[in-house]
1. Could you please state how large a percent of the accessible area of segment 67-142 is carbon and sulfur, counting protein chains only and using a 1.4 Å probe?
2. Counting only heavy atoms of protein chains, what accessible area per residue, in Å², does segment 125-214 have with a probe of 1.4 Å?
3. Hey, got the Cα dimensions of segment 81-195 along the principal axes, in Å, largest first?
4. Can you sort H42, H176, H100 by 1.4 Å-probe accessible area, starting with the largest?
5. If packing is taken as the average number of other Cβ atoms within 10 Å across a peptide's residues, how do 17-26, 198-207 rank, most packed first?
6. For a test of understanding, tell me how many lysine pairs in segment 127-204 have Cα atoms under 16 Å apart, given they are 8 or more places apart or on different chains.
Amino acid sequence: MGQKVHPGGMRVGVIHDWKSNWYTGSKEFPEALLEDITIREHIYNKLSHAGLSDVLIRKDKQRITIDIYTARPGIVIGKSGAEVDALRKEIHGMTHKNVHININEIKRPELDAKLVAQSIAEQLQNRVSFRRAMKRSLASAMRSGAHGVKVQCGGRLGGTEMSRSESYSEGRVPLHTIRADIDYGFVEAKTTFGRIGVKVWINKGEIMPEGYEGVTQRDSRLGDQDQARRRGGAVEGLGASREGGRGRGPDREGLGPVRQRRPRRGAGRKRAQDNVERPRTDEEATSAEGREQPPVEPETPVTPEAVADAPDTTTTKKQVEDPTKLESSGDESDEKSDN
C-alpha cells in the first residue's frame, strides 16, 4: 500500500504555517476544533461559486479573525459590502464572538492548485473532455511561471463502466523536497454518471531559509544544471561534463532532450582536429588562439652563381662534314664528266 502524505501538511513548520492559529487547554480543544470545522463548512457552502482557495482562522478568547483568499473578491464582498456583513452576522450567531473578516484577492488563479482543480471539475460537469480540460490547465499554469505541474483525474472518465485514473505532468514536481513550495488541491466533480476526483500539484519554486545567500554554480544541484541547459544558459561543473559527453541538442520545454539524427554513411568522417592550431588570421602576427607568430617571408627560388654562369649545354656544337660523303660525291661527279 502506498503511504501518501498531504504535501501541505508535510511542510507545516518548515516553509508553511498552520491554517488555524489558536491555543486552548485539553478540555476546550474538542469544542474549538468543531467550531473551526463548522466555520469552514459554512463559508465553503455559501461561497462555493466565488472561487475560494483558502480560509485561515485566528482565534482569541473573544475574537475570531478570518482571512478568505478568493479569485472573485467582488462576489464575496457583494454590493456595498452586503454579503460580507451577512456572513459576519451568521458566524457571530454560531460562535457568539466578535468576528472580523479579511478578503484577499488571488492575482494569478492559474498558479493556485485549488482553483485549477475547481475549474477542471466545472468543465467535467459541463461534459467537456477530461483530456482537453487537463491539458488546457496544464499549459496555462506553465505559461504563468510554474516550475512544474501535475494533474490527475480518477473515476468513470468519459462515462465508461470501469473507473480508472489518468494523469498529465510537465516540469519538476519534487514531492520529497521539503523546501519546494508545492501547492496541492483536491476537488470532486459531481457528474451524472458518478463522482470524478481531481488532484492538482503545482511547484512554485523553492523557499530558502533566512540568511541564505545562495551557492555557486559549481555547487548547485544537477537538477538546476538541467534547468539552465533547457533555458539555454551556460552550464558549468558536473553538468557541463555530462552535457559535453552526451552529444545531444537543446531540450524542448519540459519534454526531455532532443536526439540528433545520425549522419549518413560516409558523411562526417573527415573532421578537423581541435588540437591543431589554426593559421594566422590577421596582420598583427597573432593566431586565432591569440598566440604571437613569427614573421613569414615569401620564399623566392634563387639559382646559385655557378649554375647561372654555366652555358646552356656542356658540349659545343660544331658543323663538320662527313669525309666519306665528300669522297663518294666526288667519284660520282668524275663519272658524269667522263661520260
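The values are calculated or read from the model by the stated rules, or taken from the named source; none is laboratory data. All figures in this text were calculated on a predicted structure; none of them were measured in a lab. All Cβ positions, even for glycine, are placed from backbone atoms using ideal geometry, and neighbour counts span all protein chains on display. Protein only, heavy atoms only, side chains kept; ligands, DNA and RNA dropped before computing areas. Shrake-Rupley method; radii C 1.70, N 1.55, O 1.52, S 1.80 Å.
1. Carbon and sulfur together cover 47 percent of it.
2. With all protein chains present, segment 125-214 gives 58 Å² per residue.
3. Projected onto the principal axes, the Cα atoms of segment 81-195 cover 48, 39, 25 Å.
4. Final ranking, largest accessible area leading: H176, H100, H42.
5. 198-207, 17-26
6. Taking segment 127-204 as the scope, the lysine pair count is 5.
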